[in-house]
Amino acid sequence: MGAIAAALQACHKRIDSACHAAGRSENCAHLMAVSKTFPVAAIREAYAAGQRVFGESYLQEALPKLEQLADLDIEWHFIGPLQSNKTRQVATHFDWVHSVAREKIAQRLSEQRPAGMPPLQVCLQVNVSGEASKSGVEPDAALALARAISALPNLQLRGFMAIPEPGLPLPAQRGRFRQVAALLDSVQAAGLPIDPVDTLSMGMSDDLEAAILEGATMVRVGTAIFGARQNIVNNHIAINQLEQAS
Ligand SMILES: *Cc1c(COP(=O)(O)O)cnc(C)c1O
């Protein structure tokens, strides 16, 4: 078995034991493989091992990869920073987006979703890290944003995504994730006109157990599947420069 196939298997084991520890059913959280910075060969290897859901963060890096992998039946999730100048490509090429935090961005995504495609599946990114993060809607404003988004024709609101600041001890991780889960509860209780609003996109390589204990339905795992990202800082600077130039 190749290294990626073995890592995927180990990941599924972690997910299953966390689901078990949480008293939830086996397979309670879907696994998204975060393939940013990794080549198409690595994605093909994961695909051959049965993985179908992949996440990418940087549009300029992702688009050529999506094109080269068009022969595969992949569900693509956009999880990266999202500004107005990226919405058209995201609306055109992705099945899901997890990083919506502003109504204006959501309106553009809805307007730009090509006719004939199914609605774009949307998670709102919530900031549960206070001053430590600048990304995501504040929890106080999340319900109102969810309402506004649920009225847009070409989007389907599915839930919430969060990225707690790294390095937190387990109880603090769980506290962050619990806040996100509470938001999903409040949206469900508010009874938005569409359903299902069923997704808690939370948990990564280092904190997926805490996330699953608090109800994650989708974990986003990169490092634990593909290995450490090399030169991540340099890569991101290069990619950001590419994106600004485009
Ligand atoms: C990179 C990334 C991940 C994966 O992180 P790992 O720690 O490598 O598992 C998950 N979610 C988002 C939004 C990311 O940018």
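Within the set of pairs 6+ apart or on separate chains, which have a first residue in segment 200-223 that is under 19 Å from residue 75 (Cα atoms) and more than 8 Å from the ligand (Cβ to nearest atom), a second that is polar (S, T, N, Q) and modelled with pLDDT of 95 or more, and C-beta atoms under 7 Å apart?
200/217; 217/199; 218/199; 218/201
Can you report the number of residues in segment 13-44 which are under 22 Å from residue 96 (Cα atoms) and either surrounded by fewer than 20 Cβ atoms within 10 Å (Cβ to Cβ) or within 14 Å of the ligand (Cβ to nearest atom) (or both)?
Applying the first criterion (under 22 Å from residue 96 (Cα atoms)) to segment 13-44 yields 15, 27-40, 42-44.
Those still in the list that are either surrounded by fewer than 20 Cβ atoms within 10 Å (Cβ to Cβ) or within 14 Å of the ligand (Cβ to nearest atom) (or both) too: 15, 27-40, 42, 44.
Residues in segment 13-44 being under 22 Å from residue 96 (Cα atoms) and either surrounded by fewer than 20 Cβ atoms within 10 Å (Cβ to Cβ) or within 14 Å of the ligand (Cβ to nearest atom) (or both): 17 in total.
I need the full set of residues from segment 45-70 which are within 16 Å of the ligand (Cβ to nearest atom), of a type in the set (Gly, Ala, Ser) and within 17 Å of residue 227 (Cβ to Cβ), in order please.
Going residue by residue through segment 45-70, those that are within 16 Å of the ligand (Cβ to nearest atom) are 46, 51, 53-62, 65.
This time we only want the ones that are of a type in the set (Gly, Ala, Ser), so: 46, 55, 57, 62.
Selection gives 46, 55, 57.
Filtering segment 71-94 down to residues that are touching a Lys or Arg at 6+ places or on another chain (Cβ under 9 Å) and in a loop (DSSP other than H, G, I, E, B), which residue is nearest to the ligand (Cβ to nearest atom)?
It comes out as 79.
Select from segment 139-165 the residues that are within 16 Å of the ligand (Cβ to nearest atom) and among the charged types (D, E, K, R) and write down the one among them that is surrounded by the fewest Cβ atoms within 10 Å (Cβ to Cβ).
Applying the first criterion (within 16 Å of the ligand (Cβ to nearest atom)) to segment 139-165 yields 158-165.
Now restrict to residues that are among the charged types (D, E, K, R): 158, 165.
Numbers: 158: 26, 165: 14.
The selected residue is 165.
Tell me whether segment 66-82 contains one or more residues that are over 15 Å from the mean Cα position of the chain (by Cα) and either over 26 Å from residue 39 (Cβ atoms) or basic (Lys, Arg) (or both).
Step one: filter segment 66-82 for residues over 15 Å from the mean Cα position of the chain (by Cα), giving 66-73.
Then drop every residue that is not either over 26 Å from residue 39 (Cβ atoms) or basic (Lys, Arg) (or both), which leaves none.
No - not one qualifying residue is present in segment 66-82.
Can you work out which of the residues in segment 46-66 that are part of a helix (DSSP H, G or I) and in contact with a His (Cβ under 9 Å, 6 or more places away or on another chain) is farthest from residue 103 (Cα to Cα)?
To start, the set of residues in segment 46-66 that are part of a helix (DSSP H, G or I) comprises 46-48, 59-66.
Narrowing further to those that are in contact with a His (Cβ under 9 Å, 6 or more places away or on another chain): 59, 62-63, 66.
Values: 59: 20, 62: 24, 63: 24, 66: 27 Å.
Among those residues, the one meeting the criterion is 66.
All but one of (1) free of Cβ contacts under 8 Å to residues at least 24 places away in the same chain; (2) farther than 13 Å from residue 155 by Cα hold for residue 115; state the number of the condition that does not hold.
All conditions are met except number (2).
List every residue pair whose Cβ atoms lie under 6 Å apart, where the two residues are 6 or more positions apart in sequence or sit on different chains, the first residue falls within segment 22-50 and is among the hydroxyl-bearing types (Ser, Thr, Tyr), and the second residue, located anywhere, is surrounded by 12 or more Cβ atoms within 10 Å (Cβ to Cβ).
As it stands, the answer is 35/43; 35/54; 37/229; 37/235; 47/72, since those pairs meet every condition given.
If a residue has to be within 19 Å of residue 55 (Cα to Cα), surrounded by fewer than 21 Cβ atoms within 10 Å (Cβ to Cβ) and not hydrophobic (A, V, I, L, M, F, W, C) to count, how many in segment 176-208 make the cut? Explain how you work it out, then say what you get.
First, the residues of segment 176-208 that are within 19 Å of residue 55 (Cα to Cα): 198-208.
Checking which are surrounded by fewer than 21 Cβ atoms within 10 Å (Cβ to Cβ) leaves us with 198, 204-206.
Next, only the ones that are not hydrophobic (A, V, I, L, M, F, W, C) stay: 198, 205-206.
The total comes to 3.
Has segment 24-39 got any residue that is in contact with a helix residue (DSSP H, G or I) (Cβ under 8 Å, 6 or more places away or on another chain) and in a helix (DSSP H, G or I)?
no
The values are calculated or read from the model by the stated rules, or taken from the named source; none is laboratory data. Keep in mind it's a predicted model, so treat the numbers as computed, not measured. FYI the Cβ positions are ideal-geometry reconstructions off the backbone, even for glycines, and counts take in every protein chain you see.
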